[in-house]
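Structure first, then comments.
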Amino acid sequence: MIPQHGRPTDEILEELTKRGVDDTDWRGGRVFSLVYHAGAEHEEMLKRAHALYASANLLNPLAFKSLKGLERDLVQSAGALFNCPGAVGTVTSGGTESILCAVAAYRDRARRKKPWIRSPQLVVPRTVHPAFDKAAHYFGIELVKVDVDAEMRVDARKVAKAVGWRTIGIVGSAPQYPHGVIDPIAELGEIAHKKKVPLHVDACVGGFMLPWLERLGRPIPPWDFRVPGVTSISADLHKFAYASKGASLLLWRSLDDMRHQIFVATDFPGGIYASPTMLGTRPGGPIAAAWAAFQSMGVDGYLELARIAVGAADALRAGIRDIPGLTLLGRPDATIVSYSAAGLDIYALADRLEARGWSVDRQHRPSSIHLTVTANHAPVVERYLADLRACVAEVRANPSLAKSGSAPMYGMAARLPVRSLVAGKVRNVIAEMYK
Ligand SMILES: *Cc1c(COP(=O)(O)O)cnc(C)c1O
């Protein structure tokens with residue numbers, strides 16, 4: 001209830017702080033994907049930059065020229081980083097919004113250029129982020145999902161076969177989220193070029209990691225605008241750019257491509273309404289904080305964080321490789337680690353790790369555990385590996401752990417063949433939370 005009488009500021013802030021104490025411990029490196037933390041000082045800087053523009057609204061770029069300028073700076077900086085200094089684009093509220101905007105634009109591009117397509121298809125890897133499923137669901141598009149090889153890269157020959165006259169675009173990830181593997185973007189670019197369809201690269205997690213890894217001398221396969229067929233790239237600022245939450249970029253090679261992203265309503269009594277993104281009101285805080293993150297880190301800062309993160313990821317991989325029964329998945333393209341287990345239940349292992357205070361990302365197809373590794377995880381690598389060794393021993397000694405805790409539920413959700421049944425059950429669980 002809204003209190004009848006307003007409360008004092010100190011009391012309110014104290015209550016808000018208190019309400020957060022039982023949340024997952026992301027500052028301590030126990031969470032591996034939800035938060036990208038670059039230290040207390042950086043966090044404080046972000047908060048102050050955010051606060052300066054917390055009430056500003058990029059819905060009207062003429063009224064907030066400052067925000068339009070910050071957006072332009074972010075787009076230009078990212079364009080240069082992704083090797084297309086002339087790239088254009090928009091800031092969005094997150095990877096999902098970047099992807100929704102890209103898919104909507106691809107659909108409208110097809111509507112204008114190929115009006116005979118009645119039921120549009122988007123060709124994507126099986127490992128593509130569910131934001132594409134969401135976009136397809138919202139916009140009436142069919143996703144054609146293509147298999148991946150043993151290293152979890154999409155099979156380019158199968159992509160070529162899947163592209164047909166109804167195809168409105170192709171998607172590859174750099175890297176995909178589950179196993180951190182970069183799809184063969186150069187080959188996808190050739191297919192896109194030959195078949196004259198646009199190619200979107202989802203670099204939501206990799207956009208602000210791969211360029212630094214490349215400069216550190218890691219072998220990064222081509223994934224950005226250097227690949228001729230690449231039309232657009234999504235890259236999250238609130239991930240490895242260490243911005244505050246609510247900021248991502250959607251970049252286009254040319255304004256001609258981007259044009260299809262711009263929505264205009266002309267009959268609203270409130271006036272002509274034009275908007276390039278999903279949101280109406282576009283909060284200024286996350287844009288200012290993302291700009292501040294670029295300025296505060298600089299290339300040096302990002303390189304240093306990438307060096308520490310990749311060191312931590314390599315150390316985790318080496319440690320996991322040495323534990324009998326565990327297998328690393330994919331390839332070490334990025335600072336993402338995932339592993340599966342043989343001869344022991346991975347979901348029972350996940351429960352044991354959680355009992356020791358780790359926030360665990362459980363995956364399926366194949367059943368595995370995911371770690372998005374940032375610089376903030378370097379100090380916890382040894383503790384994680386020690387706990388992992390102990391937990392593997394516990395599950396080995398007591399296989400019935402697979403029948404307790406949350407393990408059976410995850411196991412069933414992973415194996416049940418009727419996916420609509422799983423969806424129905426999960427929908428009920430979520431609905432229950434809103435009762
Ligand atoms: C995180 C992520 C997304 C979605 O981003 P949100 O900011 O969570 O909406 C899309 N694709 C990939 C590869 C990601 O890692």
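Each value in this text was obtained by applying a stated rule to the coordinates, not by laboratory testing. This one's a predicted model, so the numbers in the text were calculated from it and none came from an experiment. Here the Cβ is made from the backbone with ideal geometry for all residues, glycine too, and neighbour counts use every protein chain on show.
Tabulated data
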{"item": "Coordinate range along principal axes, alpha carbons of region 170-253, Å, largest first", "result": "39, 29, 23"}
{"item": "Extended-chain gain in nm, criterion 0.36 nm per residue less alpha-carbon gap, ARG415 and LEU62", "result": "121.8 nm"}
{"item": "Under Karplus coefficients 6.51, -1.76 and 1.60, residue-wise ³J(HN,Hα) of region 37-45 in Hz, glycine/proline x", "result": "10, 10, x, 5, 5, 5, 4, 5, 4"}
{"item": "Computed log₁₀ I(q)/I(0) - Debye formula, equal Cα scatterers, no solvent, the chain, q 0.07, 0.08, 0.10 Å⁻¹", "result": "-0.37, -0.49, -0.77"}
{"item": "Cut-off under 5 Å, modelled amide H: who pairs with VAL144 long-range", "result": "LEU122, VAL123, VAL124"}
{"item": "Computed [θ] at 222 nm, helices only, for the chain once each DSSP H run of length n ≥ 4 contributes -39500 (n - 2.57)", "result": "-13500 deg cm²/dmol"}
{"item": "Exceeding the 32 Å Cα-Cα cut-off - candidates LYS65/LYS245; LYS194/LYS245; LYS68/LYS161; LYS403/LYS435", "result": "LYS194/LYS245; LYS68/LYS161"}
{"item": "Cut-off 14 Å between beta-carbons: net charge of the residues surrounding PRO324, Lys and Arg +1, Asp and Glu -1", "result": "+2"}
{"item": "Rounded, prolate or oblate (a/c below 1.5 giving rounded, otherwise prolate when a/b exceeds b/c) for region 310-435 by Cα gyration tensor", "result": "prolate"}
{"item": "Per DSSP, loop GluC sites (Glu not before Pro) in region 123-206 with at most 13 further Cβ within 10 Å", "result": "GLU151"}
{"item": "Chymotrypsin sites (Phe, Trp or Tyr not before Pro) restricted to DSSP loop in region 148-237 with at most 12 other C-beta within 10 Å", "result": "TRP165"}
{"item": "Gain in span if fully extended, ASP322 to SER254, counting 0.36 nm per residue against the direct Cα distance", "result": "19.7 nm"}
{"item": "Contact order relative to length of the chain, as percent, for alpha carbon pairs under 8 angstrom and 6 or more apart", "result": "19 percent"}
{"item": "Value of relative contact order over region 334-435, rounded to a whole percent, pairs C-alpha under 8 Å and six or more apart", "result": "32 percent"}
{"item": "For THR92, distant residues with modelled amide H under 5 Å away", "result": "SER248, LEU249, LEU250"}
{"item": "Whole-Hz ³J(HN,Hα) from phi, Karplus 6.51 cos²θ - 1.76 cosθ + 1.60, for region 129-135, glycine and proline x", "result": "5, x, 4, 6, 4, 5, 4"}
{"item": "Order of THR372, THR17 under a 10 Å beta carbon neighbour criterion, fewest first", "result": "THR17, THR372"}
{"item": "Cβ-based exposure ranking for ASP183, ASP108, in which fewest neighbours within 10 Å come first", "result": "ASP108, ASP183"}
{"item": "Proximal charge balance of ALA63 [Cβ under 15 Å; K/R count +1, D/E count -1]", "result": "+2"}
{"item": "Region 279-285 - phi-based ³J(HN,Hα) in whole Hz, Karplus 6.51/-1.76/1.60, Gly and Pro as x", "result": "6, x, 4, 10, x, x, x"}
{"item": "Fully extended contour minus Cα-Cα distance, from HIS193 to GLU44, at 0.36 nm per residue", "result": "49.1 nm"}
{"item": "Residue order, fewest to most surrounding Cβ atoms within 10 angstrom, among THR92, THR281, THR167", "result": "THR281, THR167, THR92"}
{"item": "Sparse-neighbourhood loop sites, trypsin sites (Lys or Arg not before Pro) in region 68-164 - DSSP loop, at most 10 other Cβ within 10 angstrom", "result": "ARG118"}
{"item": "Region 1-140: relative contact order in percent, alpha carbon pairs under 8 Å with at least 6 residues between", "result": "12 percent"}
{"item": "THR9 paired with SER400, simple spin-label distance in nm, labels 7 Å along Cα-to-beta-carbon", "result": "5.9 nm"}
{"item": "Cα gyration tensor category, rounded, prolate or oblate, for region 86-214 with a/c compared to 1.5", "result": "oblate"}
